[in-house]
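A short worksheet on the structure shown next.
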Amino acid sequence: MRISPTGVQRKLLGSLLCALSVAACGPAPEGTPAGDSPTGTEQQPVVYGTDNRTDVYAHTNATLRARAQQSTVALMNPSDYTVNASTGVVTFNASTLQSAYNLCSTERFLSDLTPAFCSGTLIDDDLVLTAGHCITSASACTSTRFVFNFYRTGATTMQPVTSADIFSCQSIVARQQSTVNGRNLDYAIVRLDRAATPRFTPAPVRTATTALAVGANVTVIGSGSGIPFKIDAGGSVRDARASTLDYFVASTDTFGGNSGSGVYEMSGYTVAGILVRGETDYRSNGSCSIVNVCTESGCRGEDITYVRPAVEAYCGVATSTRLCAGFPPPPTSIKFTFTATNTNSAQQNTTNHNVTLTAGQKLSFGTCTVAGSAGTGDTWLRLYNSAGTQVASNDDSCGVLSYAQFTATTAGTYQIRAGCYSSNSCSGTVAYTVQ
C-alpha cells in the first residue's frame, strides 16, 4: 500500500527540496513528482498586476463558466474526500487555504478548502488532458481521482459533488515530461475508467501548428492552491516561442494546483495549452503570508505547454473522431495471442514474439491501449533486445493489463515476452505498432 502525503505536505516537501538544491530544480513545474505521487511546487505561479481570479458563479462570460462546469476536473487522492455510503454525497478532507498556507486575513478565498493537487480538462468522452508531472507512472494513475463539479455556486455555497462526479484513471495514453530535440514538453492524456459524457462536455482543443500571437488574451481554469475552480481571464501571451512551439509564456494569475489546467485562447474558447511552470506563489509578510504580486510585465511569467504536441502523441497511438481529424491514422497494429500460467511475472513460460526495429523507431505494445489488444487476468509484458537484455517492461498500465513504449537506439531484433503477474494464469491479445 502506498501512502501519499497530503496536499500541504506535498507543497512543503517540494519547496524544501528546491531550497536544498536550486540548480537541480531549474524552472520547476507546478507540481513535481517524488516517487509515484505528485508533490507540490518548487516555483509556482503568481499574481500579475490585478488579481483576476474569479469564482465560477461570479464570472460574466457564459462560455467560460460552461468550460469550468462541464470540462474542468480537479486531481485528488482518494484520501482527500469521503463518500457517504448511503447518499453518495462527497465531503472533502482538507485544510482551508488560510490554514494551509498561513495566509494573512487580507488575502482572498481564505475559507476555500484545498484538496486538489493538480487540474485537468476533459477533451473527449473518456480522456483528460493534464500536465505530465501530475501523473508520472501507472501507480500514480491508479491512485489519482478526477473530480468534476468542484466549484462554488455562491459566496458561501458549493456545487454538490457525488460519487458519480468522481472518475478513476484507467491508463496513461500519451505522456511526456522532458526536453527532446530542443522542445521542452510537459503533458499527459489519460483515459478515464468510464465515459464522462453526456453528463459532462469535452472542451474543444486548438490543434493549429501556428504560435499564439504575442499579446493575445488567454484564460486559465483550474484549482490554484488546491481550491475550488477559479477562472482567470486576465492573462496575455508574453513569448509565443514560435521557433519551437513547445510552450508559450503568459501573465496568468495561477497557483500551485493549477498545474495541468487548461489554458484557453479567447477567439474560439479552445484549449491552447496546459499550465506547467511559473513564479513563487506566496511571500512572507511578518507572521503570515500574502500573495506574491508582480507587475503585468514583471517576473518570469508562466510557462504553458502547447496542446498540439499532446494531441499529436495521442493520435499516433489511438484514434478519436473529436481529436484526430486531419492527423494521419496510427499505424495498423499487429497482434498475437497468448495463454500463460506460472510465468514468474513474465520471466519464464512466456509466449514470445520477435519484432525488427531500426534506430529511432518507436514500438508501442500492450494488452490494452493499442487497437486490437485485450486481456483476461493480470498480464505482464517485457521487451528484450538481441543480447537478451530487458529494455522495457510493464505490469499494470491499465488496471491489471499492460502497455509500454520503447524507442530503439540501435537496429536489431527485439522480443516481446507475454506472461502473467507472479505465478497466476492469464491470457490475451498483445497488439503492437511500429512508428
Handout entry: Number of positions in region 139-193 that are in a loop (DSSP other than H, G, I, E, B) and more than 19 Å from residue 406 (Cα to Cα)
Key = 12
Practice task
Only residues in region 75-92 that are within 13 Å of residue 163 (Cβ to Cβ) and touching a residue at least 60 places away in the same chain (Cβ under 8 Å) count as the first member; pair them with residues that are in a helix (DSSP H, G or I) and aliphatic (A, V, I, L, M), Cβ under 8 angstrom, at least 6 apart or cross-chain, and list the lot.
Solution key: 88/164
Practice task
May I ask you to list the residues in region 332-359 that are in a strand (DSSP E or B) and among the aliphatic types (A, V, I, L, M)?
Solution key: 334, 340, 355, 357
Exercise for the section: With the condition kept exactly as written, say whether any residue in region 322-331 is at pLDDT 90 or above, assigned to a strand (DSSP E or B) and not charged (D, E, K, R). Expected result: no
Practice task
Specify the residue that is nearest to residue 149 (Cα to Cα); the eligible residues are those in region 162-195 that are surrounded by fewer than 23 Cβ atoms within 10 Å (Cβ to Cβ) and of a type in the set (Ser, Thr, Tyr).
Solution key: 162
Completion exercise
For residue 67, the lone unmet condition from (1) in contact with a Pro (Cβ under 7 Å, 6 or more places away or on another chain); (2) assigned to a helix (DSSP H, G or I) is (1)
Practice task
Filter region 227-269 down to the residues that are of a type in the set (Gly, Ala, Ser) and assigned to a strand (DSSP E or B), then identify the one that is surrounded by the most Cβ atoms within 10 Å (Cβ to Cβ).
Solution key: 262
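The values are calculated or read from the model by the stated rules, or taken from the named source; none is laboratory data. Bear in mind that the values here come from a model prediction, so they are computed numbers and not experimental data. Please note: Cβ atoms are built from the backbone with ideal geometry, for glycine as well, and neighbour counts cover all protein chains shown.
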